[in-house]
Amino acid sequence: SYHDELLGILAKIGEDIARHDPKFAIALEILGEKSLESSTLVFSRYTDTLEGFLKLFESQPMSTRVPGYALYTGSTAWIKPRLGTFEATKTEVTDALNAGNISIVFCSDAASEGLNLQAAKNLINLDVPWNPARLEQRIGRIARLGQKAEKVQIFNLWYPESIEAKMYTRLLSRQSDY
């Protein structure tokens, strides 16, 4: 039907936009460098953004080279080791990360609190919260007691030359003043 055809066209446009999104491209580049040597958390406030990025990640050859990955959004949690996908609890996601069965956890802000993900050494923020306390909550998932890495890496992504860039630059400079 016309309705289904239109929805198909719109879905394809959305995939093309995601494929050419500069933040997604940089996040994929970081994952390509980091995901085989250490574990990484990928955060987004929006589940749609997270799912779009996850779909793009799964279309990349690197997705088959990592030990496994997981998604945790609060309402949805699953683990995808090399074989199959399994529903999981937040404890199972944490345990899989600690055991090295997965090397990437895609997280919504629901994972900002109550998850001990210090087995990860890298954090990619696909969007940076405007509230400094929220940003600290995300960073607190890996920069915490029990972290074995000497140093953790935080990657905050935003669109260059945008209002978002100006806001985040100001937010991060204020944060470093404390």
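Numbers at a glance
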item: Pair list, Cβ < 6 Å and 6+ apart or interchain, from region 76-103 residues that are of a type in the set (Asp, Glu) to residues that are surrounded by 15 or more Cβ atoms within 10 Å (Cβ to Cβ); result: Glu87/Trp78
item: Selected residue (only one of Leu71, Leu83, Leu115 is more than 18 Å from Glu29 (Cα to Cα) and assigned to a strand (DSSP E or B)); result: Leu71
item: Options Met167, Met62; residue that is in a helix (DSSP H, G or I) and either out of contact with any helix residue (DSSP H, G or I) (no Cβ under 7 Å at 6 or more places or on another chain) or over 25 Å from Glu29 (Cβ atoms) (or both); result: Met167
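Table: residues versus (1) of a type outside the set (Val, Ile, Thr); (2) in contact with a Ser or Thr (Cβ under 9 Å, 6 or more places away or on another chain); (3) open to solvent by less than 10 Å² (accessible area, probe 1.4 Å); (4) within 22 Å of Asn125 (Cβ to Cβ).
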site: Thr47; (1), (2), (3), (4): no, yes, no, yes
site: Phe57; (1), (2), (3), (4): yes, yes, yes, yes
site: Pro67; (1), (2), (3), (4): yes, yes, no, no
site: Ala88; (1), (2), (3), (4): yes, no, no, no
site: Ala110; (1), (2), (3), (4): yes, yes, no, yes
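The values are calculated or read from the model by the stated rules, or taken from the named source; none is laboratory data. Note that the structure is a prediction, hence the values are computed from the model and not measured. Note that each Cβ is placed from the backbone with ideal geometry, even for glycine, and that neighbours are counted across all protein chains shown. The area values use the complete protein model at the heavy-atom level, side chains included, leaving out ligands, DNA and RNA. Shrake-Rupley method; radii C 1.70, N 1.55, O 1.52, S 1.80 Å.
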